[in-house]
Number of protein chains: 2
Amino acid sequence: MESLVANIHDVARVAGVSISTVSYALSGKRSIAASTKQRIDQAVLELDYRANAGARMLKGARTQILALSAPLHAGTHAPAHMAFVLSVVTAARAYDYDVLLLTQDEATMGLRRVARSSLVDGIVLLDVSTSDPRTELVRELGLPATVIGIPNDTAGLTCVDLDFEEAAVLAVRRLVDLGHREIGLIGQAPLVYERGSNFPPRFRDAFLAEAARLGVTVAFTPAAEESAGVRAAVDLVTAALPGMTGLVLHCNEPVQSMVLDVLGQRGISVPGDLSVISACSSFSTDHLNPPLDVIPLPADQSCTRAIELTMAQFAGDTEPHVEYITPTYVELGSTSAPTPL
Amino acid sequence: MESLVANIHDVARVAGVSISTVSYALSGKRSIAASTKQRIDQAVLELDYRANAGARMLKGARTQILALSAPLHAGTHAPAHMAFVLSVVTAARAYDYDVLLLTQDEATMGLRRVARSSLVDGIVLLDVSTSDPRTELVRELGLPATVIGIPNDTAGLTCVDLDFEEAAVLAVRRLVDLGHREIGLIGQAPLVYERGSNFPPRFRDAFLAEAARLGVTVAFTPAAEESAGVRAAVDLVTAALPGMTGLVLHCNEPVQSMVLDVLGQRGISVPGDLSVISACSSFSTDHLNPPLDVIPLPADQSCTRAIELTMAQFAGDTEPHVEYITPTYVELGSTSAPTPL
DNA sequence: CGTCACTGTCGAAACGTTTCGACAGTTCGA
DNA sequence: TCGAACTGTCGAAACGTTTCGACAGTGACG
């Protein structure tokens with residue numbers, strides 16, 4: 001006839017010590033005799049004891065819970081989104097933190113609720129737009145918070161993200177170094193640009209700027225999700241750039257796959273006729289046909305760093321700042337020097 | 001110089017009443033004079049007061065948090081998975097519940113942890129396999145829990161899911177009623193069947209059984225995710241069934257899209273030469289080319305019901321049982337009577 | 001006019017933990 | 001050999017809420 005879940009009194013009784021001894025034994029904040037510690041551990045195991053979360057929160061002022069604000073916008077690619085959510089949860093667990101998931105309207109509204117009720121110790125923001133109401137809210141709440149992505153106004157905020165500008169530079173340089181002089185860029189769906197998502201224009205603008213700097217001719221087009229939209233996008237860049245020998249894809253997995261299909265149908269071989277680079281992709285390109293050179297968008301790296309930064313804010317040894325993750329280039333054989341006409 | 005977050009004492013002081021009066025005013029569990037109530041509401045607004053979550057948990061034995069155990073297995077389609085996660089979170093919020101997300105190994109390990117520490121009031125299980133260690137764990141923990149999906153052993157469990165068997169029957173009947181006598185079924189990726197996910201075989205077996213019952217000829221094949229695998233699957237069913245005039249797709253979005261592409265390449269028109277049905281799809285088929293008749297997999301419906309059932313368990317007015325959601329058939333013009341040879 | 005039920009409010013206990021200060025008992029250097 | 005320093009343990013306070021029981025005031029009824 002035992003209660004549903006054991007508490008610290010039960011453990012103390014079974015081990016024959018006081019509750020403070022149990023607490024110190026488990027936290028290790030004071031020295032405990034080895035024999036006592038052993039009896040306590042035994043009792044804990046026997047009773048399957050875990051400290052009551054509510055009591056711990058109340059007393060300790062630490063909830064060991066993080067709020068993850070992750071609205072899923074139309075046009076956001078679900079698998080990529082999922083990869084970030086998963087990475088955040090996994091990274092948080094490494095610091096013994098659980099994650100409360102706030103989606104859709106709760107991504108904003110719920111933030112205030114859980115913060116003001118001291119349900120969470122910190123906040124992670126996903127998929128911020130250039131001008132996102134959540135950034136203002138986070139500033140107001142004054143809780144440790146980390147933004148994955150770069151909003152327009154980063155004052156007072158801790159942000160981390162892949163250096164999309166540098167990624168664009170990397171892509172352009174690679175093609176230019178190989179000798180390409182006319183390169184295309186197929187981007188995200190139009191509505192992604194319209195919605196104010198932060199990274200697509202960052203990539204595009206840096207791409208165009210670097211190309212201009214190096215004096216190569218470029219054409220850019222967004223690409224809608226459906227196969228018709230993809231076909232249209234491919235036709236558009238090839239029409240704009242009849243001598244195009246290099247192409248960069250900054251779009252989601254199915255679109256990249258469809259682009260390759262369309263190229264195949266058009267009789268364009270990769271990299272024979274066209275060098276193709278997959279930029280800032282959160283998925284593996286090695287099952288594409290052909291596998292594409294890729295500048296990965298490392299969700300786990302961004303998220304791990306975001307959690308580290310949040311923990312650093314708990315410790316108080318960090319100032320708000322913006323951190324960029326350096327992109328890398330992975331060769332998989334989809335680029336080569338342009339074939340002379 | 002005001003503390004970071006206001007507590008009930010602050011509210012009481014500002015409103016000039018005792019803390020118990022504040023508590024009763026906010027919970028409505030005892031009658032309060034209109035004027036007093038008004039002063040309290042005013043103070044709450046002014047201080048942006050929210051009851052401390054830890055204290056509420058500790059005293060009330062209700063945490064207003066649900067654990068969502070959602071491992072993302074290889075082969076699970078991320079968008080579909082995401083749809084379920086989102087639906088659970090949204091449905092839970094309607095009952096003022098927040099959701100703690102447990103993924104990957106934490107989906108099992110973390111369940112025990114959060115349950116034993118009384119962090120959560122209940123549990124929702126996603127993506128259960130036929131024989132899932134989490135079902136045993138849930139039985140052991142004795143917390144209110146709802147399983148989305150049907151494991152082999154449902155004893156003592158509350159489960160809810162689309163009636164995949166009935167969905168299969170619906171698909172077969174539709175084709176047979178139109179006059180088709182040779183119908184194919186393209187299923188999920190092979191590893192989904194191997195992993196022991198519960199619904200794919202349920203659909204497949206019911207499909208084959210109903211076809212046998214009605215005396216029509218069938219061929220089944222799984223389909224790997226890549227375009228080569230899809231092509232192979234299409235070739236396999238057409239080879240097995242030279243006279244095939246009906247085809248049912250029980251696979252994810254990109255695969256269905258690729259199947260339609262392959263059919264187009266093979267010069268097979270839908271529904272002219274082949275009637276095609278999209279079965280148990282969590283996405284909208286109306287942007288496919290052509291849009292497919294569909295038996296939707298309504299994530300929101302399953303999840304809403306799952307939350308309802310969990311809440312019913314809190315109230316104690318429900319026994320463990322299995323509930324099936326009745327599938328519906330949506331016509332979008334991708335089926336017709338077979339053309340006579 | 002005395003009793004009764006009802007309304008509105010309050011004080012205090014309880015929830016389970018962490019942690020501060022206290023205190024025996026032991027060890028050690030002077 | 002005596003106090004100082006250290007070790008291991010304990011009791012009690014505090015965290016912020018909810019809720020039980022109490023009680024003063026009010027109007028109704030006999």
Residues of the stretch A:252-266 satisfying the condition of being touching a residue at least 60 places away in the same chain (Cβ under 8 Å) and open to solvent by 10 Å² or more (accessible area, probe 1.4 Å): A:252, A:253
State whether one or more residues within the stretch A:142-161 are in contact with a His (Cβ under 7 Å, 6 or more places away or on another chain), in a loop (DSSP other than H, G, I, E, B) and not hydroxyl-bearing (Ser, Thr, Tyr). no
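Using the structure shown, decide if residue B:175 is hydrophobic (A, V, I, L, M, F, W, C) and either open to solvent by 10 Å² or more (accessible area, probe 1.4 Å) or not in a helix (DSSP H, G or I) (or both). Show your work before the answer.
Values: hydrophobic (A, V, I, L, M, F, W, C): yes; either open to solvent by 10 Å² or more (accessible area, probe 1.4 Å) or not in a helix (DSSP H, G or I) (or both): no.
No.
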Residues in the stretch A:30-48 that are more than 9 Å from DNA strand D (Cβ to nearest atom) and charged (D, E, K, R) total 3
Taking the stretch A:223-244 on its own, how many of its residues are surrounded by 17 or more Cβ atoms within 10 Å (Cβ to Cβ) and either under 19 Å from residue A:273 (Cβ atoms) or not assigned by TED's automatic domain parsing to the domain that holds residue A:205 (or both)? 9
Subset tally (residues that are of a type in the set (A, V, I, L, M) and within 22 Å of the chain's Cα centre (by Cα)) for the stretch B:222-239: 0
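Quick check on the stretch A:59-81. Is at least one of its residues basic (Lys, Arg), within 9 Å of DNA strand D (Cβ to nearest atom) and free of Cβ contacts under 8 Å to residues at least 24 places away in the same chain? Spell out how you get there, then give the answer.
From the stretch A:59-81, those basic (Lys, Arg) are A:59, A:62; that's our starting set.
Right, trim to within 9 Å of DNA strand D (Cβ to nearest atom) and you get A:59.
Okay, now just the ones that are also free of Cβ contacts under 8 Å to residues at least 24 places away in the same chain, so A:59.
The answer is yes; a qualifying residue exists.
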For residues that are surrounded by fewer than 16 Cβ atoms within 10 Å (Cβ to Cβ) and near DNA strand C (Cβ under 10 Å from one of its atoms), tally how many sit in the stretch A:4-21. 5
Scanning the stretch A:209-233 residue by residue, the ones that are assigned to a helix (DSSP H, G or I) and over 22 Å from residue A:178 (Cα atoms) total 7
Of the residues in the stretch A:178-195, those that are outside any helix (DSSP H, G or I) and open to solvent by 10 Å² or more (accessible area, probe 1.4 Å) number 5
Of the residues A:24, A:49, which is open to solvent by 20 Å² or more (accessible area, probe 1.4 Å) and in contact with a Lys or Arg (Cβ under 6 Å, 6 or more places away or on another chain)? A:24
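Take the stretch A:130-144 and flag every residue that is closer than 18 Å to residue A:198 by Cβ, small (Gly, Ala, Ser) and either open to solvent by less than 10 Å² (accessible area, probe 1.4 Å) or at the interface with chain B (Cβ under 9 Å from one of its Cβ atoms) (or both).
Result: no residue meets the conditions.
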I'd like to verify a number: residues in the stretch B:57-95 that are more than 16 Å from DNA strand C (Cβ to nearest atom), closer than 20 Å to residue B:313 by Cβ and within 7 Å of chain A (Cβ to nearest Cβ), how many? 3
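Select, from B:98, B:105, B:127, B:121, the only residue that is on the phi > 0 side of the Ramachandran plot and either within 14 Å of another protein chain (Cβ to nearest Cβ) or of a type outside the set (Asp, Glu) (or both).
B:127
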Across the stretch A:316-336, which residue is nearest to the chain's Cα centre (by Cα) among those that are over 30 Å from residue A:63 (Cα atoms) and open to solvent by 40 Å² or more (accessible area, probe 1.4 Å)? A:326
Of the conditions (1) touching a strand residue (DSSP E or B) at 6+ places or on another chain (Cβ under 8 Å); (2) open to solvent by 40 Å² or more (accessible area, probe 1.4 Å); (3) more than 22 Å from residue A:251 (Cα to Cα), residue A:339 fails just one. Which one is it? (1)
Any residue at all in the stretch A:240-256 that is within 14 Å of chain B (Cβ to nearest Cβ), over 21 Å from the mean Cα position of the chain (by Cα) and either at pLDDT below 95 or not in a strand (DSSP E or B) (or both)? no
Which condition from (1) in contact with a helix residue (DSSP H, G or I) (Cβ under 7 Å, 6 or more places away or on another chain); (2) open to solvent by less than 10 Å² (accessible area, probe 1.4 Å) is the one that residue A:63 breaks? (2)
Would you mind stating whether residue A:32 is over 38 Å from the mean Cα position of the chain (by Cα), more than 30 Å from residue B:98 (Cβ to Cβ) and open to solvent by 40 Å² or more (accessible area, probe 1.4 Å)? yes
Return the pairs, sorted by first residue and then second, in which the second residue is near DNA strand D (Cβ under 9 Å from one of its atoms) and of a type in the set (D, E, K, R), the first residue lies in the stretch B:23-47 and is away from chain A (no Cβ under 14 Å) and under 20 Å from residue B:7 (Cβ atoms), the beta carbons are less than 9 Å apart, and the residues are 6+ apart or on different chains. B:23/B:29; B:24/B:30; B:43/B:10
Just to be sure I understand, how many residues within the stretch B:274-315 are surrounded by fewer than 16 Cβ atoms within 10 Å (Cβ to Cβ), more than 14 Å from every other protein chain (Cβ to nearest Cβ) and at pLDDT 95 or above? 1
Using the structure shown, decide if residue A:220 is in contact with a helix residue (DSSP H, G or I) (Cβ under 9 Å, 6 or more places away or on another chain), open to solvent by 50 Å² or more (accessible area, probe 1.4 Å) and of a type in the set (A, V, I, L, M, F, W, C). yes
Residues of the stretch A:108-118 being under 20 Å from residue B:120 (Cβ atoms) and at the interface with chain B (Cβ under 8 Å from one of its Cβ atoms), which ones? A:110, A:113, A:114, A:117, A:118
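The values are calculated or read from the model by the stated rules, or taken from the named source; none is laboratory data. As the structure is a computational prediction, the values presented were derived from the model and not from experiment. Methodologically, a virtual Cβ is constructed for each residue, glycine included, from the backbone with ideal geometry; neighbour enumeration extends over all protein chains shown. In case anyone asks, the SASA skips ligands and DNA or RNA and just uses the protein heavy atoms, side chains included. Shrake-Rupley method; radii C 1.70, N 1.55, O 1.52, S 1.80 Å.
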